[in-house]
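The values are calculated or read from the model by the stated rules, or taken from the named source; none is laboratory data. What you see is a predicted model, and the numbers here were worked out from it, not measured in a lab. Methodologically, a virtual Cβ is constructed for each residue, glycine included, from the backbone with ideal geometry; neighbour enumeration extends over all protein chains shown. We work out accessible area using only protein heavy atoms, side chains counted, and drop any ligands, DNA or RNA first. Shrake-Rupley method; radii C 1.70, N 1.55, O 1.52, S 1.80 Å.
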Amino acid sequence: MANSDAPTVSEPFPIFELANRYLLYDVNTITYIRAKYNIPGVLIGGLPQAPQQNVFSGIPLELMPEEARLLCEKGVAYVVDDARAHKQGFLDRGLSVEERKRFAESLRKQGQAAASKVKEKAEDKKQTALRQIASGGDWNDLPEDMLKPPSRPTSRAANKKKAGRPPLETGGLDEDESLFASPMNSFPKPAPTSGSRVNPPAPSRGLEPHTVTPTTSYPPLTAAPPPLQSSLSTSRHYSLGVDNSAASARLPEAPSSYPLYKDLHEKGYFILPGIRFGCKYMAYPGDTLRFHSHFLCNSKEWDEEFDMLDLVAGGRLATSVKKGWLMGGMERPSKGGAGLNKPKVRSFTIEWGGM
Amino acid sequence: MDDNAPSRATATVGTQVTANLALQIAHNLRFAHDWTELRIHYEGFSGSGSLPRPVISGLPPKRLYVHPDEQIELLEKQRKQGSTKPLELAPEREWVLPSQLHEQWTLGRFAEVFDALDAIPSVTSDDRATGHVTSHWRTEQPKRLLLATIDTDSTVVYYVLHNGIVKPRQN
């Protein structure tokens, strides 16, 4: 179960379907389903700080259709058609005038807050810099003897400058010195100007609010769960209700390997897509960050024929990476006792014999 | 043989062929891999009818399969005894299922074979004489058999097939 420090997410939570992908954008939900439902998913988002690398990705998290379906079957999640919800919300005037106004106002406030924050920060920076300059020689934390010219002629030059700043009297040496001297000497002049330029406008003139481009649709839209289960049998298609049709009680379509996925998941395995090893799933005995996977899994129909060569190749590959090659499928219900015991998934594990 | 059931493994290969196949695998086991006490079984356990195809049982020269948990137990035992070399393990009788490379198999056929087999090949009189005891590791784990696959050039490859989900060995 979830750790005490794991975030709590209110169920059912929305899974966003976009271009036949099932996505999660909320890091809390992502953590939550991993901790509570053993569903890792795959992070597919690029990282803004390191856009070139593709080893460690960020949100959104893509769920396999199997994962999305499992969560929906458990009743802890529902699928929202993202494009449709967006269209309904923003283009079809799904939001009332009132709501739009409120949203625009909140955006403007956000922009204003951002603008004043930026201003404040700049002001702070300036003030600290000025204070440091005013407080003495170590204005940039350099040792003093580095700033104070060691040799006599230069110190004299500095004194001269301090005394009255005689224009263009300086020789070659003094020109070198001005590199260091200028900030100290120029201190009295800029200070009042900067003050006069900065201080008065801040209170008097209202800030131009920054333009905020909203990156999320929720809010302002609110995702509401579909009317639950009551119409499950007829809800293969979107219900065409007035306000809620983007979210639906429909279960995501999962591939034919879903029974195997579900069986392994029920047995406590964490499942990742298996393309890296040329199989359907990789099954981990615990969290995928802590364990190596145990099995390379392939799903077959009960009567689906396969080549022995595939089995040999798979078995050998799996053994060479210290795993087992697992093949499983839904057992065909026997003709005699139909309906008595529901069909179960049966799996076989293959390892190299070592001889 | 039930010729009306197309899903049976025997439907793909004739009985005479499977019998010859079993014999060929048995020869490979006996002469290439030093197995002993080989038997070819035509009947399933306790009168469950005939097997889909003949299955071989035999005794390998050394233990063929050690479950990872048993291995941990053995290593601990070894550490307690303070010995540096691994403990000797008595070989166990194994089932061997003969097959050909160009055959097609299904999960259903594997299940059929497993369902017709005992967990452990029947103990021979020789085993009893040597006081052979089957370890609980064998009886508690799902059934297993050795899948022998032969190519037309008579190369045989052997794979351990478990009737269920069994975690891999730490090679």
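The H on the amide N of B:Leu147, modeled in the peptide plane, is under 5 Å from the matching H of B:Leu97, B:Tyr159, B:Val160, B:Leu161, each at least 5 residues off or on a different chain.
Determine the sum of side-chain charges near A:Leu264: Lys and Arg each +1, Asp and Glu each -1, restricted to other residues whose C-beta is under 11 angstrom from that of A:Leu264. That works out to 0. A 1.4 Å probe, protein heavy atoms only, puts the accessible area of B:His67 near 10 Å².
Can you tell me the FRET efficiency between A:Ala313 and B:Val66 if r is taken as the Cβ-Cβ distance and R0 is 25 Å, rounded to the nearest 0.05? Before the final figure, lay out each step's value.
Numbers: r = 24 Å, r/R0 = 0.98.
For R0 = 25 Å, the calculated efficiency reads 0.55.
Calculated on the alpha-carbon coordinates, the convex hull of the stretch B:11-162 measures out at 131 cubic angstrom per residue.
Whenever you get a sec, compute what percent of the accessible area on the stretch B:11-162 sits on carbon and sulfur atoms (1.4 Å probe).
Working: 3940 of 7440 Å².
With neighbouring chains kept in place, the figure for the stretch B:11-162 is 53 percent.
If R0 is taken as 25 Å, the Cβ-Cβ distance between A:Thr222 and A:Val118 corresponds to a FRET efficiency of 0.25.
Heavy atoms only, 1.4 Å probe, whole protein assembly: order B:Arg30, B:Arg144 by accessible area, highest first. Mind dumping the intermediate values first?
Working: B:Arg30 100, B:Arg144 20 Å².
So, going from the largest accessible area down, we get B:Arg30, B:Arg144.
Label-to-label distance for A:Asp303 and B:Lys80 is 5.3 nm, based on points extended 7 Å past Cα in the beta-carbon direction.
For trypsin sites (Lys or Arg not before Pro), the sites in the stretch A:1-96 that DSSP calls loop and that have at most 11 other Cβ atoms within 10 Å are A:Arg93. To the nearest 10, the accessible area of A:Phe348 is 0 Å² with a 1.4 Å probe. Evaluating 6.51 cos²θ - 1.76 cosθ + 1.60 at θ = phi - 60° for every residue in the stretch B:91-108, the Karplus couplings come out as x, 10, 5, 10, 7, 10, 9, x, 8, 10, 4, 7, 6, 10, 10, 10, 4, x Hz, glycine and proline recorded as x. Summed over both chains, the area buried between A and B is near 3200 Å², taken from the accessible surface of protein heavy atoms with a 1.4 Å probe.
Could you work out the Rg to Rh ratio of the stretch A:255-355, with Rh taken as the Kirkwood radius (inverse of the mean 1/r over all Cα pairs)?
1.00
Placing dummy labels 7 Å off each Cα toward the beta-carbon, the span from A:Gln49 to A:Ser106 is 2.9 nm. Counting Lys and Arg as +1 and Asp and Glu as -1 over every other residue whose Cβ lies under 15 Å from the Cβ of B:Asp151, the net charge comes to -3.
Note that the stretch A:22-33 has calculated 3J(HN,Hα) couplings of 9, 10, 10, 10, 8, 5, 5, 5, 4, 5, 5, 5 Hz, one per residue in order, obtained from phi through the Karplus relation 6.51 cos²θ - 1.76 cosθ + 1.60 (θ = phi - 60°); glycine and proline are x. Rolling a 1.4 angstrom probe over the protein heavy atoms with all chains in place gives the stretch A:255-355 an accessible area of 50 Å² per residue. Annotation: B:Trp137 carries an accessible surface of approximately 40 Å², with a 1.4 Å probe and no ligand, DNA or RNA atoms counted. Suppose we keep just the DSSP beta bridges with both residues in the stretch A:255-355; what percent of those would be antiparallel, to 5? That works out to approximately 70 percent antiparallel.
Given a Förster radius of 35 Å and the C-beta distance between A:Val321 and B:Glu140 as r, what FRET efficiency does 1/(1 + (r/R0)^6) yield to the nearest 0.05? Please report the intermediate quantities before stating the final value.
Numbers: r = 27 Å, r/R0 = 0.77.
In this case the efficiency is close to 0.85.
Magnitude of the Cβ-charge dipole of the stretch A:1-126, K/R +1 and D/E -1, about the Cα centre, nearest 20 debye? Show your work: numbers first, answer last.
Values: 18 positive and 17 negative charges, 130 e Å.
The calculation lands at about 620 debye.
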